[in-house]
1. Sequence gap at least 6, Cα distance under 8 Å: using those rules, report the relative contact order of the chain to the nearest whole percent.
2. When only DSSP loop residues count, what GluC sites (Glu not before Pro) in segment 39-82 have their Cβ near at most 14 other Cβ atoms within 10 Å?
3. Helix-only mean residue ellipticity at 222 nm, the chain, DSSP H runs n ≥ 4 weighted -39,500 (n - 2.57), per residue, nearest 500. What is it?
4. Just check segment 61-106 against the gyration tensor rule for me: Cα atoms, a ≥ b ≥ c as the square roots of the eigenvalues, rounded for a/c under 1.5, and otherwise prolate or oblate depending on whether a/b exceeds b/c.
5. In which sequence would V233, V125 go, from the one with the fewest C-beta neighbours within 10 Å to the one with the most?
6. Amide H neighbours of V233 under 5 Å, at least 5 residues apart or on other chains, H built in the peptide plane: list them.
7. Is segment 177-234 rounded, prolate or oblate when judged by the Cα gyration tensor, a ≥ b ≥ c being the square roots of its eigenvalues, rounded requiring a/c under 1.5 and prolate requiring a/b larger than b/c?
8. With loop defined by DSSP as not H, G, I, E or B, and exposure as at most 11 other Cβ atoms within 10 Å, which is the longest segment of the chain clear of exposed trypsin sites (Lys or Arg not before Pro)?
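Quick note: the coordinates plus some simple rules give every number you see, no bench work behind them. These numbers come from a predicted model, not from an experiment. Every residue, glycine among them, receives a Cβ derived from its backbone with ideal geometry; neighbour counts consider all protein chains shown.
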Amino acid sequence: MYGQKSFRKLFIYVLPIVCGALGYLILLLSPSGSAKFSENLSLSLLFKNAIEIFTEYYNACRIPLILFFVLLGIAIYHKLNKTEILIALSFFFISIISSGMLMIASYLPERSLANGIVFLLIGIVQLLQLLRGSARLECISLCVCIYLLVSSLMSYWEGSYDIYRVHKEQAVRDAAIENSVNSGNMTIGVPIITSTTKYSCKYGLLDLNGKDADEPFPNVYIAKYYGLDKIYVIYPDLDNE
């Protein structure tokens with residue numbers, strides 16, 4: 001009887017993790033997702049991708065990971081609610097699995113790790129809530145929350161300025177393109193737009209190529225979108241032609 005209850009309890013915690021892993025696998029194996037897979041997928045490539053993914057995961061989540069395991073150790077040491085601890089661990093493993101599924105992808109943009117990071121943060125919040133329920137540990141939970149709030153505000157200040165600057169530069173570019181079209185000039189050079197932080201939607205993405213670039217992407221498609229014959233970027237160190 002005890003064995004059946006233990007198995008049932010284990011099944012309840014393991015099932016969401018397995019279902020989540022299968023869900024990610026189905027998404028990755030969908031027609032749109034599988035088209036991005038490496039054509040020469042092999043065991044050695046999977047191993048290489050796994051190393052790159054978890055290196056990137058560690059670099060992106062180093063502080064949250066340290067925080068998670070410190071809070072987990074405190075919760076275990078003080079023998080807090082086992083069910084709540086298992087829920088936090090479940091979110092941690094879901095974070096690992098959702099990131100690990102990306103090893104079969106042909107490339108790994110940093111934004112792909114967003115879901116894994118969110119699951120890890122949920123696990124941290126779960127542990128903070130657990131510590132908050134103990135009178136002896138409530139102070140620790142409060143201090144961690146203050147630290148997270150202050151660090152978030154610092155990142156918000158840096159990121160919000162970059163987002164505003166990129167938006168303003170894009171608005172100036174759009175106005176210049178519109179004026180060019182209205183004046184009948186179907187070829188235009190525009191200043192390059194770059195992002196300095198990871199908070200901007202343009203970070204890590206390709207802007208337009210230069211005037212004499214051999215690569216047509218994405219210039220020809222952006223020119224078609226605006227109704228132009230040709231569009232290209234003007235780099236700061238080059239003369240405006």
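1. Result for the chain is 15 percent.
2. E39
3. Details: 7 runs with 157 residues, N = 241.
Computed mean residue ellipticity for the chain: -23000 deg cm²/dmol.
4. oblate
5. So the residues, fewest neighbours to most, are V125, V233.
6. For V233, whose amide H was placed from the backbone, the distant partners under 5 Å are V190, N209, G210, K211.
7. On the way: a/c = 2.24, a/b = 1.67, b/c = 1.35.
It comes out prolate by the Cα gyration axes.
8. Values: sites that count: K36, K79, R136.
Of all site-free stretches, the longest is 137-241.
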